[in-house]
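Take a look at the structure set out below.
The values are calculated or read from the model by the stated rules, or taken from the named source; none is laboratory data. Since we're looking at a predicted model, the values are computed, not measured. Glycine gets a Cβ as well: all are built from the backbone with ideal geometry, and neighbour counts include every protein chain shown. Ligands, DNA and RNA are stripped out before the accessible areas are found, and what is left, the full protein with its side chains, is counted by its heavy atoms. Shrake-Rupley method; radii C 1.70, N 1.55, O 1.52, S 1.80 Å.
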Amino acid sequence: MKVKPAPLQENLITSEPPLSTKQYEDSRPLLWLVEQHVGPYDATLFLGNGQAACDGELLAGRGITSALNVAVNLPLAPLILPDGMLLRRSHVGLIDGRGNTAPHLMAAMLALAGLLTQASPGKAGYPAHRPGNILVHCRGGRSRGVAVLALFLHLALTERYPTLKDALDHLRGVRGLDSTEPCGPLWQLMIQCLNSNLSSWLKGLLHG
């Protein structure tokens, strides 16, 4: 008896596996406006991802001239903006999980305060730069960047964000996150930093 061939199994693999939400987000530049009118140069704070931190056209369109990278696993090259200005980068590498200490998180928050208040003197040999808006980013803009910004907003802008929860709720709403972000270890460090008595000093720094 002649054996009938098995039918062809078509379309077993019709496309590449679908990207997860995080993979989809991490594959394209994303920015979220967090707060306006901050510091002596009346800056706007943005939260973003690593892709956004490398997109000169996007940053220039938002008036961003400085960026704080808080991801330990994301080394970035210098970036010249379309008008010839150098994006002023600062980097305090945080781990998205266990391994940081409270000084790591405070260092990132203080680096943000520094970017908000640092002058651009235009000395010979200095790259061209001017004060502008600030991007805070990690790899995906979900955990580390949110932790740094939330702590900063509460401690430095207490009149706008009376509690740390107020700041976190604002950032989660802007970013579209649930209560699992930032990750647990970063949340624990944020609580430690609340007892550091930095709030009055930060306010004085920003308001002169």
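Could you list all residues from the range 28-37 that are open to solvent by 20 Å² or more (accessible area, probe 1.4 Å) and either assigned to a helix (DSSP H, G or I) or farther than 18 Å from Ala77 by Cα (or both)?
Quick first cut of the range 28-37, residues open to solvent by 20 Å² or more (accessible area, probe 1.4 Å) only: 28-33, 35-37.
Matches in the range 28-37: Leu30, Leu31, Trp32, Leu33, Glu35, Gln36, His37.
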Checklist line | Test: residue in the range 188-208 that is open to solvent by 30 Å² or more (accessible area, probe 1.4 Å), in contact (Cβ under 8 Å) with a residue 60 or more places away in the chain and under 28 Å from Lys22 (Cα atoms) | finding: no
Notebook entry, point to check: Which condition number in (1) in contact with a Ser or Thr (Cβ under 9 Å, 6 or more places away or on another chain); (2) touching a residue at least 24 places away in the same chain (Cβ under 8 Å); (3) aromatic (Phe, Trp, Tyr) is the one that Tyr126 fails?
Noted result: (2)
Checklist line | Pairs with Cβ under 7 Å, 6+ apart, first in the range 38-62 and part of a strand (DSSP E or B), second among the basic types (Lys, Arg) | finding: Phe46/Arg62; Leu47/Arg175
Checklist line | Odd one out for Val136 among (1) outside any loop (DSSP other than H, G, I, E, B); (2) over 24 Å from Leu87 (Cα atoms); (3) at pLDDT 95 or above | finding: (2)
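Determine whether Ser66 is of a type in the set (Ser, Thr, Tyr) and in contact with a Leu (Cβ under 6 Å, 6 or more places away or on another chain). Please lay out each step first, then the result.
On the way: of a type in the set (Ser, Thr, Tyr): yes; in contact with a Leu (Cβ under 6 Å, 6 or more places away or on another chain): yes.
Against the criterion (of a type in the set (Ser, Thr, Tyr) and in contact with a Leu (Cβ under 6 Å, 6 or more places away or on another chain)), Ser66 qualifies.
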Check: From the list Leu76, Leu105, which residue is closer than 20 Å to Asn49 by Cα, assigned to a loop (DSSP other than H, G, I, E, B) and either open to solvent by 70 Å² or more (accessible area, probe 1.4 Å) or out of contact with any Asp or Glu (no Cβ under 9 Å at 6 or more places or on another chain) (or both)?
Finding: Leu76
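Does Leu115 qualify as being hydrophobic (A, V, I, L, M, F, W, C) and either open to solvent by less than 10 Å² (accessible area, probe 1.4 Å) or within 20 Å of Ala67 (Cβ to Cβ) (or both)? Before you say what the answer is, go through the steps one by one.
Numbers: hydrophobic (A, V, I, L, M, F, W, C): yes; either open to solvent by less than 10 Å² (accessible area, probe 1.4 Å) or within 20 Å of Ala67 (Cβ to Cβ) (or both): yes.
Taking the combined requirement at face value, the residue satisfies it.
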Item checked: Test: residue in the range 107-123 that is free of Cβ contacts under 8 Å to residues at least 24 places away in the same chain, farther than 30 Å from Gln192 by Cβ, among the hydrophobic types (A, V, I, L, M, F, W, C) and out of contact with any Gly (no Cβ under 7 Å at 6 or more places or on another chain) -> yes
Item checked: Single unsatisfied condition, Ala77 versus (1) under 16 Å from the mean Cα position of the chain (by Cα); (2) under 26 Å from Lys22 (Cβ atoms) -> (1)
